[in-house]
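Quick notes on the structure that follows.
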Amino acid sequence: MTGGQPDTCSAPYRVRFDEAAPDGLLRTSVLLRYAQDLAWFHSAARGFDRGWYAERGLTWLVRAAEIDVLLPIRVGSDLLGTTRVVGSRRVWARRRTDFRTTDGDIAADVRIDWLLLDRRGSPTRIPPEFDPIFGLHLEPVELARVELPSAPDEARTTSVMVRPQELDPMDHVNNAVYADWVEEQVLATGGGSDVRGIPRRLGLEYARAADAGSTVSTTTWREPGGPWACRIADEDGNDVLRARLSSGP
């Protein structure tokens, strides 16, 4: 980090055939996967690889995410992702990752709030050695939230069973899978143009993890003014995820 600016790390990504929807455009969830991959690449490149975390019993958990898709990203497109830490609190940090076209235009912007956990799965203070490298002192920010009202009577409710291929190495549903679930439910509720709209924004707040073999319920509705709301709950009715999708200028 130099001149008070956050340390950045970049990597190229090429949109694969299987990462695009039937319209030939990149799925929103893939941007979360790219951003997660680049965050770990950045950390490892600065000396904090997965082995470093394992020795100390530490792990990062995604607490919230906001994805802005600003341009059509087609199958075969080349993107350059650049990530940096833009703010933090005692136990969590926000990363911002932009993805640019070969012309240098920003095609997508992803902001993720990461919560640091200890061996017990409890929030723990960010190690002080991160500050001079990633610039964690830069900007204190509030944890992102998605506040949803009660669902109206006409909301669509259905069940989703967690499949083995949706689990990550923590044995939880990966954060990107929730984006697929939300968009799947909005699509089924009549929001196809919003799911694929350009520009569009998807906000996600992760309340708790969905585990292997569990079944969750999804409740989806359109809010006044156009945005879509989706609440995902576990079998006991506890919120797992709250999300809002909007499209257009």
> Across the range 99-114, what is the number of residues that are within 17 Å of HIS42 (Cα to Cα) and surrounded by 21 or more Cβ atoms within 10 Å (Cβ to Cβ)?
Replying inline: 5
>> Scan the range 31-51 and tell me whether some residue there is of a type in the set (D, E, K, R), assigned to a strand (DSSP E or B) and modelled with pLDDT of 95 or more.
In response: no
>> Can you pull out every residue in the range 54-88 that is closer than 28 Å to PHE130 by Cα and not in a strand (DSSP E or B)?
In response: ALA54, GLU55, ARG56, GLY57, LEU58
> In the range 141-162, which residues are over 23 Å from THR59 (Cα atoms) and charged (D, E, K, R)?
Replying inline: GLU147, ASP153, GLU154, ARG156
>> Here is a list: THR158, THR97. Which entry is farther than 29 Å from ARG74 by Cα, in a strand (DSSP E or B) and among the polar types (S, T, N, Q)?
In response: THR158
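Listed here are the residues, each with its yes/no results for (1) outside the structural domain of TYR13 (by TED's automatic domain parsing); (2) touching a residue at least 40 places away in the same chain (Cβ under 8 Å).
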site: TRP92; (1), (2): no, yes
site: ASP98; (1), (2): no, no
site: VAL110; (1), (2): no, yes
site: ASP118; (1), (2): no, yes
site: MET170; (1), (2): yes, yes
site: ALA188; (1), (2): yes, no
>> For the structure I just gave you, tell me whether ASP103 is acidic (Asp, Glu), at negative phi, within 21 Å of the chain's Cα centre (by Cα) and at pLDDT 95 or above.
In response: no
>> Filter the range 177-204 down to the residues that are within 23 Å of TYR34 (Cα to Cα) and assigned to a loop (DSSP other than H, G, I, E, B) and list them by number.
In response: ARG196, GLY197, ILE198, PRO199
>> Yes or no: the range 165-173 includes at least one residue that is crowded, with 19+ Cβ neighbours inside 10 Å and of a type in the set (A, V, I, L, M).
In response: yes
> For the range 125-140, which residues satisfy the criterion of being over 14 Å from ARG63 (Cβ atoms) and either outside any helix (DSSP H, G or I) or at pLDDT 95 or above (or both)?
Replying inline: ARG125, PRO127, GLY135, LEU136, HIS137, LEU138, GLU139, PRO140
>> Just to be sure before I move on: is ARG200 out of contact with any His (no Cβ under 8 Å at 6 or more places or on another chain), in contact (Cβ under 8 Å) with a residue 12 or more places away in the chain, within 23 Å of PRO249 (Cα to Cα) and not assigned by TED's automatic domain parsing to the domain that holds ARG33 in the structure I sent?
In response: yes
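The values are calculated or read from the model by the stated rules, or taken from the named source; none is laboratory data. The structure displayed is predicted, hence computed values, not measured ones. No Cβ is skipped: glycine too gets one built from the backbone with ideal geometry, and neighbour counts run over all protein chains shown.
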